[in-house]
1. Go through (1) farther than 27 Å from S15 by Cβ; (2) of a type in the set (G, A, S); (3) in contact with a strand residue (DSSP E or B) (Cβ under 6 Å, 6 or more places away or on another chain) for G200 and report which single condition fails.
2. I'm trying to understand the selection: among the residues of the range 91-102, which are part of a helix (DSSP H, G or I) and either surrounded by 14 or more Cβ atoms within 10 Å (Cβ to Cβ) or within 17 Å of the chain's Cα centre (by Cα) (or both)?
3. When you check E61 against the structure, is it in a strand (DSSP E or B) and among the acidic types (D, E), yes or no?
4. Between a residue in the range 106-123 that is under 21 Å from R36 (Cβ atoms) and any residue that is hydroxyl-bearing (S, T, Y) and within 9 Å of the ligand (Cβ to nearest atom), which pairs come within a Cβ distance under 7 Å, given they are 6 or more apart or on different chains?
5. Return the residue satisfying two criteria in turn: it lies in the range 118-169 and is in contact with a Lys or Arg (Cβ under 9 Å, 6 or more places away or on another chain), closer than 30 Å to L76 by Cβ and of a type in the set (A, V, I, L, M), and of such residues it is farthest from the ligand (Cβ to nearest atom).
6. Could you please tell me which pairs satisfy a Cβ distance under 6 Å, a separation of 6+ or placement on different chains, a first residue in the range 41-63 that is in contact (Cβ under 8 Å) with a residue 12 or more places away in the chain and aliphatic (A, V, I, L, M), and a second residue that is more than 13 Å from the ligand (Cβ to nearest atom) and part of a helix (DSSP H, G or I)?
7. Report the residue count in the range 183-201 for those that are assigned to a loop (DSSP other than H, G, I, E, B) and either within 13 Å of the ligand (Cβ to nearest atom) or loosely packed, with under 14 Cβ neighbours inside 10 Å (or both).
8. Would you confirm, using the coordinates I've provided, whether D69 is out of contact with any Phe, Trp or Tyr (no Cβ under 8 Å at 6 or more places or on another chain), near the ligand (Cβ under 10 Å from one of its atoms), closer than 30 Å to G196 by Cα and of a type outside the set (F, W, Y)?
Amino acid sequence: MRTIIVTGSAGLIGSETVKRFSQDGAHIVGIDNDLRAQFFGAEASTKKTRDNLIANVRGYEHHNIDIRDAPAVTELFKQHGGKIDAIVHTASQPSHDWAARDPQTDFTVNANGTLNLLEAARNFCPEAPFVFTSTNKVYGDTPNRLPLRELEKRWEIETGHEYEPGISETMSIDYTKHSLFGASKTAADLLVQEYGRYFGMPTVCFRGGCLTGPAHAGTESCTAFSLIS
Ligand SMILES: NC(=O)c1ccc[n+]([C@@H]2O[C@H](COP(=O)([O-])OP(=O)(O)OC[C@H]3O[C@@H](n4cnc5c(N)ncnc54)[C@H](O)[C@@H]3O)[C@@H](O)[C@H]2O)c1
């Protein structure tokens, strides 16, 4: 049976990832300590989703670990060791506004937490694909310089442009225009890329933007984040 580690497993993207792999009959090891409730208050808690996963999703095992806790993360990876087939890392502090309120927490969750997971993967399952949910915020102002043409209902990139099929990790990040949130996510994004390049691990960064779905534990500050992002 395949074992998949999902961080932020009770969150919007993490919980959908858990359900998807469960459909394939995988054993899913979820990590989520509901830090979201601490960021945005009780209304944004992902506890309900977590309880639902524990009660109803076949093959799901939950761990209330903080990804900043390197010894706990290491121990979990050690336990599952060679059985780990993939890691999907979605746990994060996800808000621009909140990052400015407490840069220390933002950076340690987004950057150091990612480093803890990469190190654990390097030590115990270096062959397992490591999928990181980065963000389009790493680009700063760069997307505004892409050649766009206006269609009836949307903007499209110019036909024949190298990014017409989609923007890959080769598009340069912008060092001149960032937010504190962009800085912590960029640090994590670069670490994930570098573990791929330097250590030869199969890592990838998905740089999404404005994602939502039925499991979104929305709150006022997150709505504002979505509108400005
Ligand atoms: N939703 C979007 O619009 C969007 C856009 C671009 C990128 N992303 C990225 O995708 C990822 C997932 O986003 P989401 O919308 O699912 O977020 P979310 O807030 O719904 O889920 C994140 C989960 O991680 C948990 N968590 C946070 N810090 C933790 C820690 N230190 N230890 C353990 N668990 C922790 C939270 O409790 C929460 O359940 C994030 O990395 C985010 O930056 C999201």
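The values are calculated or read from the model by the stated rules, or taken from the named source; none is laboratory data. Just so it is clear, the model here is predicted, and its values are computed rather than measured. All Cβ positions, even for glycine, are placed from backbone atoms using ideal geometry, and neighbour counts span all protein chains on display.
1. Among (1) farther than 27 Å from S15 by Cβ; (2) of a type in the set (G, A, S); (3) in contact with a strand residue (DSSP E or B) (Cβ under 6 Å, 6 or more places away or on another chain), G200 violates only (3).
2. Selection gives H96, D97, W98, A99.
3. For E61, the condition - in a strand (DSSP E or B) and among the acidic types (D, E) - is met.
4. Cβ pairs passing all conditions: V109/S92; N110/S92; L117/T7.
5. A120
6. From the range 41-63, the pairs are V57/S22.
7. 1
8. In short, yes.
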